[in-house]
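These notes are about the structure you will find just below.
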Amino acid sequence: MNPNEIYFARGGKGELYKFPPRKEPPRNNWQDGVLEVDLTNPQWASYSMELSFLVGMNSDKRFSLNPSQAYEGTIYTELLRKRTPRLIPYTVHLQSISSFRYHRRLNTAELSCTYEVLNPTEVWRYIATCKAEVAPVTTQRVALNDTDLGDLGIYVTSIYDFALAPDVEKGVRWLSDSAFRSGRSIFKTDDSTGFEDKEIEVRCAISFQEESQLQATLGALARLLLHSEELSINGNRCYYTQMTDCKLSNHRFTFSLHFQLF
């Protein structure tokens, strides 16, 4: 291994492909249980991602308290000085190094770094521009806007349909200043009926041989989510909220998509 090079550790770049979460859109929850949502101007929230790198390290100085001496100069400058490493195609800010593992025989270290993504729109632009042809898989019977996820090359491993739960009224807590000072809590049900949010979580997997195939599939999915003000899952109105649990290993990328029904 070149001591001045930086590589992704095995399975360490899964969150590089995580879609940005959506900010809560303006909405009204009417008394009759109808949820009215304004999806005309989507806003994306900043978020954090964790990536793992394999880097060269000076074995003679690995116990040094000075990082600029323990790591090779190129690595210290690129990876640990809060600038965006060249392996990340959009702007990020280093928040923390959450774990460190030294491999003595190889004179390398594995670092898990947490980054804040500063411009979510930049991430959408990067992923959505991958427009290579996708490889469809068997029909998954889960369709977004009449497009079966299998046609995009996505397997649906499970689906958590919280929409099947019955409506439950929300309890609203009222706490006056006088009650707070005396240590008493006052609970009261709001006069207007509010209903628990209905969410669907779709657990997905993408199998690929070349990473360009993964990028093509995610690009097609990103364009579908990004360019549709309103979505539907098997005919049920919804909108995308976030992507979680992104893991990349052995030519397989797994993740969860979350949707809010209304």
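The values are calculated or read from the model by the stated rules, or taken from the named source; none is laboratory data. Nothing here was measured: the structure is a model prediction, and the numbers come from that model. FYI the Cβ positions are ideal-geometry reconstructions off the backbone, even for glycines, and counts take in every protein chain you see. Just so you know, the surface numbers come from the protein's heavy atoms only, side chains and all, with ligands and any DNA or RNA stripped out. Shrake-Rupley method; radii C 1.70, N 1.55, O 1.52, S 1.80 Å.
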Per residue of the range 200-213, what does 6.51 cos²θ - 1.76 cosθ + 1.60 with θ = phi - 60° give for ³J(HN,Hα)? Whole Hz please, x for Gly and Pro, Karplus curve as stated.
10, 10, 10, 8, 10, 8, 10, 9, 8, 9, 10, 5, 4, 5
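Given R₀ = 41 Å, FRET efficiency for GLU211-LEU35 by Cβ-Cβ distance, to 0.05? Before the final figure, lay out the partial values.
Details: r = 39 Å, r/R0 = 0.95.
Efficiency at R0 = 41 Å is approximately 0.55.
Go through 99-105, 237-243 and give me the packing order, highest mean Cβ count within 10 Å leading.
Working: 99-105: 10.7, 237-243: 19.1.
Going by the mean number of other Cβ atoms within 10 Å, highest first, we get 237-243, 99-105.
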In nm, what is the difference between 0.36 nm times the number of residues separating LYS247 and THR157 and their Cα-Cα distance?
31.0 nm
Surrounding charge for GLU50, neighbours by C-beta under 13 angstrom, Lys/Arg +1, Asp/Glu -1, total -1
Please list TRP124, TRP44 from largest to smallest accessible area, probe radius 1.4 Å, with all protein chains kept in place.
TRP44, TRP124
